[in-house]
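Colleague: Before I ask anything, here is the structure I am working with.
The values are calculated or read from the model by the stated rules, or taken from the named source; none is laboratory data. On a predicted model such as this, the values are computed, not experimentally measured, just so you know. Cβ sites come from the backbone with ideal geometry, for glycine too, and all protein chains shown count toward neighbours. Accessible surface is based on the protein model in full, side chains and every heavy atom, while ligands, DNA and RNA are left aside. Shrake-Rupley method; radii C 1.70, N 1.55, O 1.52, S 1.80 Å.
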Amino acid sequence: MLKNVKLRPLVTFSKYSTQPVAKETSDYENRIKEFEKISNLQQKIKTKKPQRAPFVKNLFLGVFDTDLLAYPEIRNEELNNLNKNLEPVQTFLQQPEIKNCDKITRDFLRKMSNERLLGLQASELIGGRDLSMSEMCRFFETISETNLKNSLINNEVLGIQTLVKFGSDQLKRKYLEKLVGGEALSAFCVLEPHSTNIEIGKRTGVKSLDGKTWVLNGERKSVLNGSNADFYVVVANTENINKDEITEKKFSVFLVERDFGGITSSSCGSHDLSDVVFDNITVPHENIIGGENCGEQILTDIYPQFRLSTGPICSILVKNLINNVTQHFINISKKPNLLYETDAIRTKLGQLTTSLYAIDSMVYFTSSLVDDYENQDTELETSIVKVFASEQAFLNTSTCLDLIAPDSVFANHWCNKFHSEASSQVILNDSNDNLKTLIALFGLRHAGEKINDTIKKIRNPFYYSSYIFKRMWTHRRIAEDNPKLNLFLHHYLHPSSISAAQHLEYCVLRFQYATETLLARHGAEIIHKHQDLRRLANAIIDIYAMVACISRSSRSYCIGLQHADYEMVLANAFTFGALERVKSNLNKIIDGAISTNDENYRVVAKRLFELKQYYPVHPLTRNF
C-alpha cells in the first residue's frame, strides 16, 4: 500500500554543502529543552490512605483518634531528596539582592522561576516542583527568610495553586504557565460592594444577557500585590437565593487580567498592600475558575492551605528572634554578673523556645494530615495553626521589645521590625478574632449534629427526668472537675510522656463537658455568645498544640534524635502552661456568667455607645 509514497526529509541539502545544517523546525531549541525537561523528571508516586474522621472536630465530642499520636514522618529517600533540593535554593535566597529585595520586579520573578520557586505544587512539566504539603511548608520556611515572603507566598497559594487545582486546561495554558515562568504576578480579592452602595446585598458579579461575559463591580481593601499584579483571582457574589427570609449568597471565582481595564489600585502602606477597585470590568465566561457558583468549594480547599502557610513564616520569625535575643544578652553580659544567667532572662527565653517548638510541631503535624489522607477535613486544624502561630509570634516579639527596651523603640531596630512583621501576620486576610469564632462555631455545629438528642434531653429536664438523674450520677466526677482518665492516651506514647499525656487527657474530657454545657445552656443562641466562643476556641487551640508537642517529643525520644531529652522538657513545659490556660477558659464556660466579668463589660460598653464617647468625668471634677 505504501509503494508510491515518497518520504521527504524536513530539510534538503547537498552532500558536499559547506553551509551549516539548517534546523529541522523553527522551534527546534524549544523542543530540545522540552525533551531535556521530560527526561529529567522523576515520577512521584503519591498514595494516600482512606479519609479519617476529622480530628479536631471530634475532640468536641470527646473522641480522640489515638493513631495520630504517632507523629508523622516521611521516608528517608524523600527526606534526602528534599534536603538535596533545598541546598541550592537556600544558597540562592541568601544572596543580598534576593533576600533584601523590597519590591517585586520582572527580573526578580524571572530569577525565582529559574530556581523553580514559583509553582511549588505545579507539575514539573511546566517548571513546577510537584511538592507535597509538608515539602512545600519546608520550602516556605526558606522563602520566609526574604523580605518579600508575604507577596511570594500569597502569589503561590492563592494565585498559582488556585489555577493548579481548579483551572481549566485553557486557563492553565493561558495564565498558569506565565505565573510559573515568572512572566506575571497574581493577587487575590474577595469583592465587596462599593462603600457608596446602599444595597449591601447587591451582587458584585452579574452575567450578561447573552451569557458570554460577566460584569464585575466592587472593591477590596488591603490586597497583597494589589498594585503589581498582572492577574487577579477574584471571588464575586454571582447569585442570591432567598430561602425562608434568609438570603444565601453564591460565589464564583474569576481570572481577571489587569489589561481588561477598569481596575484601579492605591497603595495603603507596607507589605505591598493596596486598595483595589473594580469598575464595570467585563470578563469572558471562559475565565471562570472551577465553574459557575463554585466559589465556596474553591475557598474551602484553598484557604486551609493559605492559613497553614502562616505557620512556616511565623516559625522562622520566632527562630530569628530567639537567636538575636540570645546573642544580644550574651554580648551585653559582663563578668562576674552575667545577665543571661538571671532567672528573669532564662524564664522568658525558655517560654519563647517552648512557643517555637509548639509552632513547628503543629505545622508538620497538620501538613501530614493533608498529605497522608484522601480529602481529609483539616478546616479547623489549619485555622488553629494560623491563629496560634501568628499570636505567639506577636506575643513573643512584644516580650522581647520589653526585655531589650529602650533601644527597641526605634523603627530600624531588628526587634521592632520583627514585631511589625508579626503584627501583619495576625491581621492579613483573616483576623484572628474572626477565625476563633469560626473555629468554635464549626466545632459546635459538628458536635450538635452528633449529640442533638442528648442536648434536647438536657434542655428539657422535666420531660426526661430519668435521663437527667442518670446523667447527674455518671457525670458527677467531671462536674466536680475531677474526670476519670479513661482514654489511656499514655499507652500510645513513650513512658516518659505519661504526665503530659494525663494533662492532655484531662483537657480533652473537660472540653467535651464544656461543649455539652454550652450547647445545653444556649442552644441556637450560642452564635451570639462571642466571649464563650472565644474561650472555647482558645481551649481547643491549646489542646491541639499539646497533641502535636507530645506526639513529636515521644517520637524523638523513641528514635533517639539529638536533643530528644530536651524535647521532652519542652513538651512538658508547654503542656503544663497550656493546662492552666485550658482550665481557666473551660471553668469560665462551665460556671457561667457568675465566674466572669462579661456582664459588667457589656453594661459599660452599652453606655459608651449611647453617649458615643468616653463618659466618666475628669478625676479632678467636683459638683459642690
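Colleague: If the requirement is being free of Cβ contacts under 8 Å to residues at least 12 places away in the same chain and either surrounded by fewer than 23 Cβ atoms within 10 Å (Cβ to Cβ) or assigned to a helix (DSSP H, G or I) (or both), which of these qualifies: Leu125, Leu131?
Modeller: Numbers: Leu125 fails: free of Cβ contacts under 8 Å to residues at least 12 places away in the same chain.
Being free of Cβ contacts under 8 Å to residues at least 12 places away in the same chain and either surrounded by fewer than 23 Cβ atoms within 10 Å (Cβ to Cβ) or assigned to a helix (DSSP H, G or I) (or both) holds for just one of Leu125, Leu131, which is Leu131.
Colleague: Only one of these conditions is not met by Ser554: (1) surrounded by fewer than 21 Cβ atoms within 10 Å (Cβ to Cβ); (2) farther than 16 Å from Gly577 by Cα. Which number is it?
Modeller: (1)
Colleague: Within segment 293-303, which residues are buried (at least 24 other Cβ atoms within 10 Å of the Cβ) and either under 13 Å from Lys165 (Cβ atoms) or free of Cβ contacts under 8 Å to residues at least 24 places away in the same chain (or both)? Please lay out each step first, then the result.
Modeller: Restricting attention to segment 293-303, the residues satisfying the condition of being buried (at least 24 other Cβ atoms within 10 Å of the Cβ) are 295.
Within segment 293-303, none qualify.
Residues are listed down the side, and each one gets a yes or a no for (1) assigned to a helix (DSSP H, G or I); (2) of a type in the set (Val, Ile, Thr); (3) in contact with a His (Cβ under 7 Å, 6 or more places away or on another chain); (4) touching a residue at least 40 places away in the same chain (Cβ under 8 Å):
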| position | (1), (2), (3), (4) |
| --- | --- |
| Ser361 | yes, no, no, yes |
| Ser368 | yes, no, no, yes |
| Val385 | yes, yes, no, yes |
| Ala393 | yes, no, no, yes |
| Cys400 | yes, no, no, yes |
| Ser408 | yes, no, no, no |
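Colleague: Among the residues of segment 102-140, which ones are among the hydroxyl-bearing types (Ser, Thr, Tyr) and more than 18 Å from Gly159 (Cβ to Cβ)?
Modeller: We begin by selecting, within segment 102-140, every residue among the hydroxyl-bearing types (Ser, Thr, Tyr); these are 105, 113, 123, 132, 134.
Matches in segment 102-140: Ser132, Ser134.
Colleague: Here's a follow-up. Scan segment 205-254 for residues that are exposed (fewer than 15 other Cβ atoms within 10 Å of the Cβ) and under 22 Å from the mean Cα position of the chain (by Cα) and jot them down.
Modeller: The answer is Lys221, and nothing else.
Colleague: Let me ask another. Which of the following residues is at pLDDT 90 or above and closer than 21 Å to Arg555 by Cα: Phe60, Phe55? Let's see the steps before the verdict.
Modeller: On the way: Phe60 fails: closer than 21 Å to Arg555 by Cα.
Within the list Phe60, Phe55, the selection yields Phe55.
Colleague: Mind telling me which of the residues Ile74, Ile98, Ile104 ends up being open to solvent by less than 10 Å² (accessible area, probe 1.4 Å) and either part of a loop (DSSP other than H, G, I, E, B) or of a type in the set (A, V, I, L, M, F, W, C) (or both)?
Modeller: Details: Ile74 fails: open to solvent by less than 10 Å² (accessible area, probe 1.4 Å); Ile104 fails: open to solvent by less than 10 Å² (accessible area, probe 1.4 Å).
Matching residue, one of Ile74, Ile98, Ile104: Ile98.
Colleague: Same structure again: For Asp481, indicate whether it is crowded, with 17+ Cβ neighbours inside 10 Å, closer than 30 Å to Ala573 by Cα and either at pLDDT 95 or above or not hydroxyl-bearing (Ser, Thr, Tyr) (or both). Working first, answer last.
Modeller: Numbers: crowded, with 17+ Cβ neighbours inside 10 Å: no; closer than 30 Å to Ala573 by Cα: yes; either at pLDDT 95 or above or not hydroxyl-bearing (Ser, Thr, Tyr) (or both): yes.
Spelling it out, it is not the case that Asp481 is crowded, with 17+ Cβ neighbours inside 10 Å, closer than 30 Å to Ala573 by Cα and either at pLDDT 95 or above or not hydroxyl-bearing (Ser, Thr, Tyr) (or both).
Colleague: Same structure, new question: Kindly indicate the residue of segment 343-362 that is loosely packed, with under 13 Cβ neighbours inside 10 Å and either of a type outside the set (D, E, K, R) or within 23 Å of Val385 (Cβ to Cβ) (or both) and also modelled with the highest pLDDT among those meeting that condition. First the steps, then the outcome.
Modeller: Within segment 343-362, the first condition is being loosely packed, with under 13 Cβ neighbours inside 10 Å, and the residues that meet it are 343-344, 346-347.
Subsequent filtering for residues that are either of a type outside the set (D, E, K, R) or within 23 Å of Val385 (Cβ to Cβ) (or both) retains 344, 347.
Details: Ala344: 89, Thr347: 94.
Residue satisfying both the conditions and the ranking: Thr347.
Colleague: Something else now. Is it true that some residue in segment 469-477 is open to solvent by less than 70 Å² (accessible area, probe 1.4 Å) and over 34 Å from the mean Cα position of the chain (by Cα)?
Modeller: Initial filter on segment 469-477 (open to solvent by less than 70 Å² (accessible area, probe 1.4 Å)): 471, 475.
If we keep only those that are over 34 Å from the mean Cα position of the chain (by Cα) as well, we get 471, 475.
Yes, some residue in segment 469-477 is open to solvent by less than 70 Å² (accessible area, probe 1.4 Å) and over 34 Å from the mean Cα position of the chain (by Cα).
Colleague: Working carefully through the options Ser497, Ser466, Ser420, find the one that is of a type in the set (Ser, Thr, Tyr), touching a residue at least 12 places away in the same chain (Cβ under 8 Å) and open to solvent by 40 Å² or more (accessible area, probe 1.4 Å). Give the derivation first.
Modeller: Details: Ser497 fails: open to solvent by 40 Å² or more (accessible area, probe 1.4 Å); Ser466 fails: touching a residue at least 12 places away in the same chain (Cβ under 8 Å).
Checking each option against the conditions leaves just Ser420.
Colleague: Also, quick follow-up: Given the conditions (1) over 19 Å from Leu148 (Cβ atoms); (2) in contact with a Phe, Trp or Tyr (Cβ under 7 Å, 6 or more places away or on another chain); (3) open to solvent by less than 60 Å² (accessible area, probe 1.4 Å), report the number of the one that Leu339 does not fulfil.
Modeller: The number of the failed condition is (3).
Colleague: Under 6 Å between Cβ atoms, at least 6 apart or on separate chains: pull out the pairs that start in segment 66-89 with a residue that is farther than 30 Å from Ile498 by Cα and end on any residue that is part of a helix (DSSP H, G or I).
Modeller: Going by the 6 Å Cβ cut-off, the qualifying pairs are Leu82/Glu135; Val89/Thr142.
Colleague: Identify, by number, the condition in (1) open to solvent by less than 10 Å² (accessible area, probe 1.4 Å); (2) under 22 Å from Asn323 (Cβ atoms); (3) touching a residue at least 24 places away in the same chain (Cβ under 8 Å) that Trp414 doesn't meet.
Modeller: The one condition Trp414 does not meet is (1).
Colleague: Could we say that Leu125 is within 16 Å of Leu79 (Cα to Cα) and modelled with pLDDT under 95 here?
Modeller: Values: within 16 Å of Leu79 (Cα to Cα): no; modelled with pLDDT under 95: yes.
Against the criterion (within 16 Å of Leu79 (Cα to Cα) and modelled with pLDDT under 95), Leu125 does not qualify.
Colleague: Something else now. Within segment 143-160, how many residues turn out to be in a helix (DSSP H, G or I) and not β-branched (Val, Ile, Thr)? Lay out the reasoning, then the answer.
Modeller: The initial filter retains those residues of segment 143-160 that are in a helix (DSSP H, G or I), namely 143, 149-160.
Retained after the next criterion (residues that are not β-branched (Val, Ile, Thr)): 149-152, 154-156, 158-159.
The number of residues fulfilling the criteria is 9.
Colleague: From Tyr566, Tyr557, which residue is in contact (Cβ under 8 Å) with a residue 24 or more places away in the chain and among the aromatic types (Phe, Trp, Tyr)? First the steps, then the outcome.
Modeller: Working: Tyr566 fails: in contact (Cβ under 8 Å) with a residue 24 or more places away in the chain.
Being in contact (Cβ under 8 Å) with a residue 24 or more places away in the chain and among the aromatic types (Phe, Trp, Tyr) holds for just one of Tyr566, Tyr557, which is Tyr557.
Colleague: Can you work out which of the residues in segment 151-186 that are within 19 Å of the chain's Cα centre (by Cα) and open to solvent by 20 Å² or more (accessible area, probe 1.4 Å) is nearest to Asn100 (Cα to Cα)?
Modeller: Taking segment 151-186 and keeping what is within 19 Å of the chain's Cα centre (by Cα), we get 151-165, 186.
So of that shortlist, the ones also open to solvent by 20 Å² or more (accessible area, probe 1.4 Å) come out as 164-165.
Details: Val164: 29, Lys165: 32 Å.
My answer is Val164.
Colleague: Right, another one. State all residues of segment 582-597 that are assigned to a helix (DSSP H, G or I) and surrounded by 15 or more Cβ atoms within 10 Å (Cβ to Cβ); if no residue qualifies, say none. Reasoning before the result, please.
Modeller: Kept after step one, since they are assigned to a helix (DSSP H, G or I), are these residues of segment 582-597: 582-595.
Result: Val582, Lys583, Asn585, Leu586, Asn587, Lys588, Ile589, Ile590.
Colleague: Which residue, of Glu374, Glu381, is buried (at least 23 other Cβ atoms within 10 Å of the Cβ) and more than 26 Å from Lys221 (Cβ to Cβ)? Lay out the reasoning, then the answer.
Modeller: Working: Glu374 fails: buried (at least 23 other Cβ atoms within 10 Å of the Cβ).
Result of the check over Glu374, Glu381: Glu381.
Colleague: Lys48: modelled with pLDDT under 95, within 29 Å of Asp360 (Cα to Cα) and open to solvent by 70 Å² or more (accessible area, probe 1.4 Å), yes or no? First the steps, then the outcome.
Modeller: Working: modelled with pLDDT under 95: yes; within 29 Å of Asp360 (Cα to Cα): yes; open to solvent by 70 Å² or more (accessible area, probe 1.4 Å): yes.
Criteria met by Lys48.
Colleague: Given the condition among the hydroxyl-bearing types (Ser, Thr, Tyr) and open to solvent by 30 Å² or more (accessible area, probe 1.4 Å), answer yes or no: does some residue in segment 312-324 qualify? It would help to see each step written out before you state the result.
Modeller: Going through segment 312-324, the residues among the hydroxyl-bearing types (Ser, Thr, Tyr) turn out to be 315.
Within this subset, residues satisfying the condition of being open to solvent by 30 Å² or more (accessible area, probe 1.4 Å) are none.
No, segment 312-324 has no match at all.
Colleague: Name the residues in segment 449-463 that are part of a loop (DSSP other than H, G, I, E, B) and open to solvent by less than 90 Å² (accessible area, probe 1.4 Å), would you? Break it down stepwise before answering.
Modeller: Taking segment 449-463 and keeping what is part of a loop (DSSP other than H, G, I, E, B), we get 451, 460-463.
Result: Ile451, Asn460, Pro461.
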